[in-house]
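Okay, structure first, notes after.
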Ligand SMILES: C[S@@+](CC[C@H](N)C(=O)[O-])C[C@H]1O[C@@H](n2cnc3c(N)ncnc32)[C@H](O)[C@@H]1O
């Protein structure tokens, strides 16, 4: 390891205050590895010089690059499968009945990473004929500019589409792009991609019927998780649904959430007052 202890501490404080992400001791290797690659990409001579520039505090692009480099973007199509099955077989039919007068649904995917999760949701929504003439407001967001760019491009390698995507959906929703696969425009048009930091002040958004907040709370400490869940609770419609990652337990962090079981998975609702 060549990263200085004081530089590691500086980076830990930086990523905690910028993104809420807690880097435990022992993550020196991760920081050194990712920031050395970033320094090379930006043609900065060394990791130390990169941190000196960052400490000077006037390089906004560099700040965003460091945030991008230190977020973990692991994801896949139809990740964990069950949430999408519950959505398709239970939640969407219920909401379609309840909202038949307004024919509108609001959906937010709050940590969209490289796009596999929001595009999975778009595929599920696209396969519900009843929604054809509905207005579906679908926002997908992430803190990382780089990830949002990947979402907007919607181009995936064979390996990426091979992870989780049912084979029959490949020809249906993708077209060949050289040796990769590009999401069809029809699905891209369904989603409004936005930059959004869950740990800073939230911009105004419409109340949501469904929120996906999966595999992201795990990077934060309990006070940050609680604050995010409080805001999620205010944003969710009284009969809306929240999906979190398999390791998260909103009930434990916020007593106003209650777990709702489906045959294959669980999600969360707000307890009515
Ligand atoms: C492991 S990925 C999970 C992606 C997807 N939700 C899934 O379950 O497959 C975590 C994502 O959270 C994003 N993230 C981390 N901190 C964030 C923050 N403070 N605000 C918004 N997004 C954040 C990262 O950029 C990354 O793309």
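The values are calculated or read from the model by the stated rules, or taken from the named source; none is laboratory data. Just so it is clear, the model here is predicted, and its values are computed rather than measured. Note that each Cβ is placed from the backbone with ideal geometry, even for glycine, and that neighbours are counted across all protein chains shown.
Do the conditions hold for residue 146, that is, is it within 15 Å of the ligand (Cβ to nearest atom), touching a helix residue (DSSP H, G or I) at 6+ places or on another chain (Cβ under 6 Å), in contact (Cβ under 8 Å) with a residue 12 or more places away in the chain and assigned to a helix (DSSP H, G or I)?
Answer is yes for this residue.
Which of the helices (runs of 4 or more DSSP H) found entirely inside the stretch 182-261 contain at least 3 residues meeting this: over 26 Å from residue 154 (Cα atoms)?
Those helices (runs of 4 or more DSSP H) span 222-235, 250-253.
Can you tell me which residue in the stretch 178-222 is farthest from the chain's Cα centre (by Cα), limited to those that are within 12 Å of the ligand (Cβ to nearest atom) and farther than 23 Å from residue 64 by Cβ?
Only one residue fits best here, namely 211.
Restricting to the stretch 190-219, give me the number of residues that are on the phi > 0 side of the Ramachandran plot and in contact with a helix residue (DSSP H, G or I) (Cβ under 8 Å, 6 or more places away or on another chain).
0
Among the numbered criteria (1) without any contact (Cβ under 8 Å) to a residue 60 or more places away in the chain; (2) surrounded by 15 or more Cβ atoms within 10 Å (Cβ to Cβ); (3) within 16 Å of the ligand (Cβ to nearest atom), which one does residue 112 miss?
Single failed check for residue 112: (1).
Considering each residue of the stretch 55-90, count those that are under 19 Å from residue 143 (Cα atoms), away from the ligand (no atom under 16 Å from the Cβ) and at pLDDT 95 or above, and give that number.
1
For the stretch 80-99, does any single residue satisfy the condition of being surrounded by 19 or more Cβ atoms within 10 Å (Cβ to Cβ), at negative phi, in contact (Cβ under 8 Å) with a residue 24 or more places away in the chain and part of a loop (DSSP other than H, G, I, E, B)?
No; the residues of the stretch 80-99 include none that is surrounded by 19 or more Cβ atoms within 10 Å (Cβ to Cβ), at negative phi, in contact (Cβ under 8 Å) with a residue 24 or more places away in the chain and part of a loop (DSSP other than H, G, I, E, B).
Being assigned to a helix (DSSP H, G or I) and under 12 Å from residue 220 (Cα atoms) is the filter here; which residues of the stretch 19-44 pass it?
Correct list: 19 only.
Which of (1) over 24 Å from residue 166 (Cβ atoms); (2) in a loop (DSSP other than H, G, I, E, B); (3) touching a helix residue (DSSP H, G or I) at 6+ places or on another chain (Cβ under 6 Å) does residue 113 not meet, given it meets every other one?
For residue 113, the failing item is (1).
Going by what's in this entry, would residue 124 be described as at pLDDT 95 or above, within 11 Å of the ligand (Cβ to nearest atom) and either part of a helix (DSSP H, G or I) or surrounded by fewer than 15 Cβ atoms within 10 Å (Cβ to Cβ) (or both)?
Considered against the rule, which asks whether it is at pLDDT 95 or above, within 11 Å of the ligand (Cβ to nearest atom) and either part of a helix (DSSP H, G or I) or surrounded by fewer than 15 Cβ atoms within 10 Å (Cβ to Cβ) (or both), residue 124 comes out as no.
For the stretch 3-29, which positions are within 16 Å of the ligand (Cβ to nearest atom) and surrounded by 14 or more Cβ atoms within 10 Å (Cβ to Cβ)?
Answer for the stretch 3-29, where residues must be within 16 Å of the ligand (Cβ to nearest atom) and surrounded by 14 or more Cβ atoms within 10 Å (Cβ to Cβ): 11, 12, 14, 15, 16, 18, 19, 20, 21, 22, 23, 27.
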